[in-house]
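Okay, structure first, notes after.
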Amino acid sequence: METTNTLSELSHQLVDLFTENSELIEKESTDYMNSFRTKALEDFNKFGLPTKKQEAYRYTNLETYFKGEYFPVLSPENFSLNLTDIFKCDIPELDTYVVLVLNGFYYNKNIYHYLPEEVTITGLAQASKNQNGVFNKHYGKYADTSLDGLAALNTLFAQDGVYIHIPKGVELEKPIQIINICYSFKNLRITHRNLIVAEDNSKVNVVVCDHTLCDKSYLSNSVTEIYAGENSYIAYNKIQNENIKSTQLSNTFIHQEANSHVTSNTISLHGGLIRNNVYVTLNAPGCENNTYGLFFADDHQHIANYAEIRHMQPHCHSDQLFKGILDDEATGTFNGKIYVAKDAQKTEAYQRNNNILLSKTAKMNSKPQLEIYADDVKCSHGATMGQLDNDALFYLRTRGINEKEARHLLMYAFANEVISITNVPHLKERIIELVDKRLRGELSRCNNCTIGCT
Amino acid sequence: MSLLKINDLRVAIEGKEILKGINLEINPGEVHAIMGPNGSGKSTLASALAGRDNFNITHGSVQYLDEDLLDMSPEERAKKGMFLGFQYPVEIPGVSMVNFLKTALNEKRKYNNLPPISASDFLKIMREKKELVEIHSNLTNRSVNEGFSGGEKKKNEIFQMAMLEPRLAILDETDSGLDIDALKIVANGVNKLRTKDNATIVITHYQRLLDYIIPDFVHVLYKGRIVKSSGKELAMELEEKGYDWLKEEVV
Ligand SMILES: Nc1ncnc2c1ncn2[C@@H]1O[C@H](COP(=O)(O)OP(=O)(O)OP(=O)(O)O)[C@@H](O)[C@H]1O
Ligand SMILES: [Mg+2]
């Protein structure tokens, strides 16, 4: 594959890749799942990969994401992986239902002890075959393939991932921890497709940990659809910790019904190129949505965060908070959109993006987008770019705290506003530890992993 | 051996000379008061001694415990026992008082080849020192100075000084903004921490403070120079007459 392809050439190549392999891709999927590919192909043919002309992608050149040679993963591979090795990546003390996903495919040996029987955690492909109605009711309903080319691309290739179903009234206290692992001896193109359905009055905590266990290049394009039923509560924490050669495109589509409460928090600790899209639709009155992000980038890393909150109905409250620290030649973008429909009166929608640039060469673009058609709305947005506070630095140093430690304290303090939001106790401690390591430059991938890769 | 010896110190900020040749010697056990009109350079002197880095030291030398002070980083000075009580303490949101104090204390211990302090010892010392400066509220559970009242910030400076037990403390207008009770508490704290080995520089505008912290010397800083040095009676004279007579004397 040429590395200097234009986006439209790349899009054509991706369509070709699908056409050539469609039989293989469709073989293991249900007709229902396959039926979505038709529309996705149509949309992708029409729009292709998003270009800079699209407002949401103005500062992101997807060409750089898609260049390079990858081997597409189109069927699950059989690994003789030792589970206990991988579980060392687990969060110590954090008691969770651990869901392993290998190169985008659900690991069929996952076991969930004491999982309430009404709750389902399974592979997406398996879920689609189970025909329980819930899957068909929700799959493909929120990831609009005509809205975002990456969603179309994902839907085209989607085969497997994680499916979680929390039925009405069930409150699952123990968090579900999805560990996405990239593990291979060649460079891979990976597609994840996840569906989380939390029905009325249910509650669930989901933690997603993304890891590359090998030193290979990975290009992953994931779509996670999240449905929050009436009066449900969902906490969705995603921790991205991948190698410098990895490219991650993460698309989360959240659909909320009346009085539901969803908090998503994406912590981008490490990676090569990262693009996070979070689309939220507040589809009924009384919803509360918090969309948070914390990111660190140095070297030549690039991190793009896009959040779009659609207030369709009155009396909803949304809050976006994204904070980032960039060093060296790192670049970042934040683009936060607030859409308030004509009928969405009494909307409260807030947005804030604060950035610290540690070097003169680090760059950050931040842009709010407000589209407000209702008139009784409370809305605010703000972005800051700054350095570490010199007065604070001096103050700390006059107390004997050396410069490095003082800088660390200030960076940590800056990040802590987002970290402290996490309400899963042991997870918070783990995040604190990881962020601490990241800020000290000691983190490049999961520290507890012992799997040797060559 | 003197604790601090400042020799013809000149400091410029953004190209403008602010300190125009300061000479001052401080011995262990002494309390020096520095007074002077607004803008005369008192805080500049204090910050320069603490190691503020955007200052340009154009001339002179400073010996601290027979070492070249100007060669040291701010943290090195602090570890060697220097303490600056800020005229305007800085708010640091997100850095908890406890974490801050523990880090500071442990850095100093590390410097003195001591192991990190145990959690229980730390709490004990903190409780003791809080009593010394009569901090009863839960200020220590908050972020450093964040949302502290003016007086609380000043008390917090003395509290930190008590925790760090400096050889040389420079207190820059720690008395301004304090009510009369707080003033007594702060002065009392300073007096309790006095030993024959350490020394204090108090920068103040008010004779009032010097009723409680009795200085051995009073210096007047005027337009970047120490224009008069004398015993504690000078403070009284200044309170009565202001600075005008000195200005005339200088001219
Ligand atoms: N960072 C700076 N940039 C420019 N000028 C400065 C800076 N810091 C101090 N100055 C100037 O230096 C002079 C001395 O200031 P300094 O704060 O030392 O005075 P002071 O004697 O402490 O006054 P006060 O009694 O009001 O506290 C003032 O004219 C002040 O404006
Ligand atoms: Mg001053």
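The values are calculated or read from the model by the stated rules, or taken from the named source; none is laboratory data. Computed from a prediction, not measured in an experiment: that's the story for all the values here. Note: ideal-geometry Cβ built from the backbone for every residue, glycine included; neighbour counts use all protein chains shown. Side chains are part of the model used for accessible areas, which takes the heavy atoms of the whole protein and leaves out ligands, DNA and RNA. Shrake-Rupley method; radii C 1.70, N 1.55, O 1.52, S 1.80 Å.
With the contact rule set at Cα under 8 Å and sequence spacing of 6 or more, what percent relative contact order holds for chain A? Please list the in-between numbers first.
On the way: 1131 pairs, mean separation 51.3, N = 454.
For chain A, the relative contact order is 11 percent.
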*What ³J(HN,Hα) values, in whole Hz, does the Karplus curve 6.51 cos²θ - 1.76 cosθ + 1.60 give for segment A:326-331 when θ = phi - 60°, with x put for Gly and Pro?*
10, 9, 6, 9, 5, 10
*Work the Kirkwood hydrodynamic radius out for segment A:381-420: mean of 1/r over every pair of different alpha-carbon atoms, inverted, in Å.*
11.0
*Among the listed pairs B:K192/B:K223; B:K129/B:K232; A:K141/A:K186; A:K168/A:K367; A:K27/A:K137, which are separated by more than 31 Å between their Cα atoms?*
B:K192/B:K223; A:K141/A:K186; A:K168/A:K367
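Which semi-axes, in whole Å and largest first, does the equivalent ellipsoid of segment B:4-250 have when worked out from the alpha carbon gyration tensor as the square roots of 5 times its eigenvalues?
Details: eigenvalues 174, 92, 54 Å².
Listed largest to smallest, the semi-axes of segment B:4-250 are 30, 21, 16 Å.
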*Rounded to a whole number, what % of the accessible area of segment B:124-251 do carbon and sulfur atoms account for, probe 1.4 Å?*
47
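Restricting to the protein assembly as shown, what percent of DSSP beta bridges are antiparallel, rounded to 5? Walk me through the intermediate numbers first.
Working: 30 of 184 bridges.
Beta bridges within the protein assembly as shown, antiparallel portion: roughly 15 percent.
Please go through the residue pairs B:K80/B:K124; A:K363/B:K42; A:K53/A:K342; A:K428/B:K155 and name each one whose alpha carbons sit more than 28 Å apart in this structure.
Working: B:K80/B:K124 24 Å; A:K363/B:K42 39 Å; A:K53/A:K342 26 Å; A:K428/B:K155 33 Å.
A:K363/B:K42; A:K428/B:K155, as the Cα separations exceed 28 Å there.
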*Please report the buried accessible area for the interface of B with A, total over both chains, probe 1.4 Å, in Å² to the nearest 100.*
2000
*What is the gain in length, in nm to one decimal, between B:K16 and B:R127 on full extension, counting 0.36 nm per residue of separation less the C-alpha to C-alpha distance?*
35.5 nm
*Using θ = phi - 60° and the Karplus form 6.51 cos²θ - 1.76 cosθ + 1.60, what ³J(HN,Hα) does each residue of segment A:34-40 get, whole Hz, x for Gly and Pro?*
5, 4, 6, 5, 4, 5, 4
*Taking segment A:170-280 as the region of interest, what is the percent of Cα-Cα pairs per 5 angstrom bin, listed from the shortest bin to the one with the maximum distance?*
3, 12, 23, 22, 16, 11, 7, 4, 1, 0
*asked:* Can you list the residues in segment B:93-136 whose accessible area drops by at least 40 Å² when all protein chains are present, compared with the chain alone? Use a 1.4 Å probe, heavy atoms only.
replied: B:G94, B:V95, B:F100, B:T103, B:E107
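From the helices alone, meaning DSSP H stretches of at least four residues, give me the mean residue ellipticity at 222 nm for chain B, per-run term -39500 (n - 2.57), in deg cm²/dmol to the nearest 500.
Numbers: 9 runs with 95 residues, N = 251.
Mean residue ellipticity at 222 nm (helix-derived): -11500 deg cm²/dmol.
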*If amide H atoms are built 1.01 Å from N in the plane of the peptide, which residues on other chains or at least 5 residues away come under 5 Å of the amide H of A:G293?*
A:T266, A:L321, A:F322, A:K323
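Equivalent-ellipsoid semi-axes (√(5λ), Cα gyration tensor) for segment B:144-247, whole Å, largest first? Mind dumping the intermediate values first?
Details: eigenvalues 121, 53, 33 Å².
For segment B:144-247, the semi-axes come out at 25, 16, 13 Å.
Summarise the accessible area of segment A:311-454 (1.4 Å probe, protein heavy atoms) by the percent that is carbon and sulfur. Walk me through the numbers on the way to the answer.
Values: 2840 of 6180 Å².
It is 46 percent, rounded to a whole number.
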*Which parts of segment B:71-88, residue by residue, lose 40 Å² or more of accessible area when the rest of the protein chains are there, as against the chain isolated (1.4 Å probe)?*
B:P74, B:E75, B:F86
*Just order A:123-134, A:303-314, B:31-42 by mean Cβ neighbour count inside 10 Å, highest at the front, would you?*
A:303-314, B:31-42, A:123-134
*According to the Cα gyration tensor, what semi-axes, each the square root of 5 times an eigenvalue, does the equivalent ellipsoid of the protein assembly as shown have, listed from largest to smallest in whole Å?*
60, 25, 24
*What is the helix-to-structure angle for B:97-111, meaning the angle in degrees between its Cα long axis and the longest Cα principal axis of chain B, kept from 0 to 90 and rounded to the nearest 10?*
80
*Using modelled amide H (1.01 Å from N, peptide plane; none on Pro or chain starts), what sits under 5 Å from the amide H of A:N237, excluding residues fewer than 5 places away?*
A:V206, A:V207, A:V208, A:N265
_Accessible area per residue, Å², the protein assembly as shown with all protein chains present, probe 1.4 Å_ = 41
_Can you list residues from other chains, or at least 5 along the same chain, whose modelled amide H is less than 5 Å from the amide H of A:A349?_
A:S318, A:K378, A:C379, A:S380
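Ignoring any ligand, DNA or RNA, what whole percent of the accessible area of segment A:172-283 comes from carbon and sulfur when the probe is 1.4 angstrom? Before the final figure, lay out each step's value.
Working: 940 of 2150 Å².
Roughly 44 percent, rounded to a whole number.
Full extension from B:D8 to B:A119: what is 0.36 nm times the residue separation minus their Cα-Cα distance, to one decimal in nm? Don't jump to the answer; show the numbers that get you there.
On the way: separation 111, 0.36 × 111 = 39.96 nm, distance 4.52 nm.
Contour length minus the Cα-Cα distance gives 35.4 nm.
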*Apply 1/(1 + (r/R0)^6) to the Cβ-Cβ distance of A:A374 and A:D144, taking R0 = 30 Å, and write down the FRET efficiency to the nearest 0.05.*
0.85
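Add -39500 (n - 2.57) for each DSSP H run of 4 or more in chain A, then divide by its residues: what number comes out at 222 nm, to the nearest 500 deg cm²/dmol? Let's see the in-between values first.
Details: 10 runs with 109 residues, N = 454.
Calculated mean residue ellipticity at 222 nm is -7000 deg cm²/dmol.
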*Short version: which residues of segment A:394-419 lose at least 30 Å² of accessible area, all chains versus chain alone, 1.4 Å probe?*
A:F394, A:Y395, A:L396, A:R397, A:T398, A:R399, A:G400, A:I401, A:N402, A:L409, A:A413
*If you plug each phi of segment A:416-421 into the Karplus form 6.51 cos²θ - 1.76 cosθ + 1.60 with θ = phi - 60°, what whole-Hz ³J(HN,Hα) values come out, in order, with x for Gly and Pro?*
4, 4, 7, 4, 5, 6
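Could you give the length gained by full extension between A:D391 and A:K129, i.e. 0.36 nm per residue of separation minus their alpha carbon distance, to one decimal place? It would help to have the intermediate numbers written out before the result.
Numbers: separation 262, 0.36 × 262 = 94.32 nm, distance 6.12 nm.
Once the chain is fully extended between A:D391 and A:K129, it gains 88.2 nm.
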*Be a star and scan segment B:9-25 for residues whose amide nitrogen sits under 17 Å from the point 7 Å along the Cα-to-Cβ vector of B:H59.*
B:9-24
